[in-house]
Amino acid sequence: MKLNSRWRALFCLVAVFSAAAAGAKDLLIHAGTLIDGISGAPRRQVSILVRDDKILSVEPGFVSAAGADLIDLSTATVMPGFIDCHIHMSALFAATRNAADLLGAADRVGSVQAGRYADLVATAGNPLDDPDQFKHVSFVMKGGMVYRRNGVETIPAPN
């Protein structure tokens, strides 16, 4: 049976993208401060393990994970990605957790915990102490892909 060139090209693309996805590395984030969207107070020195687009685990302390690429945010404050970043601190949880509840997505977004999408932002300081920190977001991760690192926008490689 002879395949035409379109089918061969399609099979090649599928093979390339499948190989890239299979070779994706885990990411380990060391967060100096974590506002996780579920605890009453910020947590200090936390490790967040990300696999593909999900948070695999959130552990106390700066742990290591064999084969994972380390993202050092040990001097930063890490939070769930926000649905609306134009918020006041009194609405921090309303903009993440409550909005996720209203959208019927609380089982997937709005907090930093195992099983949730890896949607994270980080600022140099703690926005609970200084809301102006939101003007200087240094790190952005959406679905496990880094879009901003050290204040510089990045373009993720296709999977």
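Numerical summary
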| read-out | value |
| --- | --- |
| Residue check for Val121: touching a helix residue (DSSP H, G or I) at 6+ places or on another chain (Cβ under 9 Å), closer than 13 Å to Asp36 by Cα and at pLDDT below 65 | no |
| Checking Arg148 against (1) basic (Lys, Arg); (2) touching a helix residue (DSSP H, G or I) at 6+ places or on another chain (Cβ under 8 Å); (3) at pLDDT 85 or above, the condition it does not meet | (2) |
| Residue pairs meeting the criteria (Cβ under 8 Å; at least 6 apart or on separate chains; first in contact (Cβ under 8 Å) with a residue 24 or more places away in the chain and acidic (Asp, Glu), in the stretch 33-56; second buried (at least 18 other Cβ atoms within 10 Å of the Cβ) and not in a strand (DSSP E or B)) | Asp36/Ser111; Asp36/Val112; Asp52/Gly144; Asp53/Ala118; Asp53/Gly144 |
| Sole residue being within 21 Å of Ala124 (Cα to Cα) and at pLDDT below 95, chosen from Asp72, Asp101, Asp36, Asp53 | Asp36 |
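The values are calculated or read from the model by the stated rules, or taken from the named source; none is laboratory data. All of these numbers come straight from a predicted model, not from anything done at the bench. Heads up, the Cβs are rebuilt from the backbone with ideal geometry, glycines too, and the neighbour counts pull from every protein chain shown.
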